[in-house]
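This report refers to the structure that appears directly beneath it.
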Amino acid sequence: MCPAKQASAEIEAKRSRFIGTVAPVFSAEEAEAYVAAIRRKHPGATHNAYAYSVGTVTPLERLSDDGEPRGTAGYPVLEVIKKRGIRNVACVVTRYFGGTLLGAGGLLRAYGKAASAALDAGGVARYVYHNLLSVTLNYDQFGRLQRELEGRGTKILDTSYGERVGIRVYVAPEDLDSLVAHVRDTTSGKAQFSVEEGRFIPR
């Protein structure tokens, strides 16, 4: 399970603002890019502590206290992620210092609470990798194929119209061969196919 969407939530502790933000990510590169984007969004923040976990069987976990006392910022964020059993997630907690020191215990509570609030706002979903299948076919075959794809619950990315119709759909790898065979039968072998690198999408 991972966040269903990007989300944020804010809490306050002794006049310090803690803004938690989360996003689904599927590689360390995506996670680092997300952290960098949050830092750019909050250039005046005192700290941008974060943690992320990517992968499923043996997840890659990273954290940063970003200048807070060691173990008081990134660690509680990662602990919230782990206790909830969430994977493929990046969580950044941005702090704007309010003038009052919180102490180690106060920081642990505040960063953990902000991370929890952000994860609550993001919800959870099961993401599954899907290939991107492109199909080119004749106009007189398009309507029937579109209805069948929608009936299967296949996620259609887009449709283009030229000399022939082009349609791109996300397909789970285990369903790819059967769908291609079905489309070949439906179009009497007149459809053309190509498979591209896809993405993780909610199922």
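So that you can scan it fast, the table gives a plain yes or no per residue for (1) closer than 21 Å to Ile201 by Cα; (2) assigned to a loop (DSSP other than H, G, I, E, B); (3) of a type in the set (D, E, K, R); (4) within 18 Å of the chain's Cα centre (by Cα):
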residue: Ala37; (1), (2), (3), (4): no, no, no, yes
residue: Ala49; (1), (2), (3), (4): no, no, no, no
residue: Glu68; (1), (2), (3), (4): no, yes, yes, no
residue: Cys91; (1), (2), (3), (4): yes, no, no, yes
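Summed over the stretch 150-179, residues that are in a helix (DSSP H, G or I), farther than 16 Å from Gln192 by Cα and among the aliphatic types (A, V, I, L, M) total 0.
Within the stretch 179-203, restricting attention to residues that are of a type in the set (Ser, Thr, Tyr) and over 28 Å from the mean Cα position of the chain (by Cα), the residue that is modelled with the lowest pLDDT is Thr186.
Considering only residues that are outside any loop (DSSP other than H, G, I, E, B), out of contact with any strand residue (DSSP E or B) (no Cβ under 6 Å at 6 or more places or on another chain) and not charged (D, E, K, R), look in the stretch 111-136 and name the one that is surrounded by the most Cβ atoms within 10 Å (Cβ to Cβ).
Gly112
If I filter the stretch 95-105 for residues that are surrounded by 14 or more Cβ atoms within 10 Å (Cβ to Cβ), modelled with pLDDT of 90 or more, in a helix (DSSP H, G or I) and assigned by TED's automatic domain parsing to the domain that holds His42, do I get at least one hit? No, there is no match, as no residue in the stretch 95-105 is surrounded by 14 or more Cβ atoms within 10 Å (Cβ to Cβ), modelled with pLDDT of 90 or more, in a helix (DSSP H, G or I) and assigned by TED's automatic domain parsing to the domain that holds His42.
Pairs linking a residue in the stretch 74-89 that is closer than 14 Å to Val54 by Cα to a residue that is surrounded by fewer than 22 Cβ atoms within 10 Å (Cβ to Cβ), with Cβ atoms under 6 Å and 6 or more positions apart or on different chains, are Leu78/Leu63; Ile86/Met1; Arg87/Thr56; Arg87/Pro59; Asn88/Phe26; Asn88/Val54. Only one entry in Asn138, Asn131 is over 27 Å from the mean Cα position of the chain (by Cα) and more than 27 Å from Ala45 (Cα to Cα), namely Asn138. Restricting attention to the stretch 33-62, the residues that are touching a residue at least 12 places away in the same chain (Cβ under 8 Å), among the aliphatic types (A, V, I, L, M) and surrounded by fewer than 22 Cβ atoms within 10 Å (Cβ to Cβ) total 4.
Starting from residues that are in contact with a strand residue (DSSP E or B) (Cβ under 9 Å, 6 or more places away or on another chain) and on the phi > 0 side of the Ramachandran plot, keep the ones in the stretch 63-84 and report whichever is surrounded by the fewest Cβ atoms within 10 Å (Cβ to Cβ). Applying the filter and picking the extreme gives Gly67.
The values are calculated or read from the model by the stated rules, or taken from the named source; none is laboratory data. Source: prediction; values computed, not measured. Glycine gets a Cβ as well: all are built from the backbone with ideal geometry, and neighbour counts include every protein chain shown.
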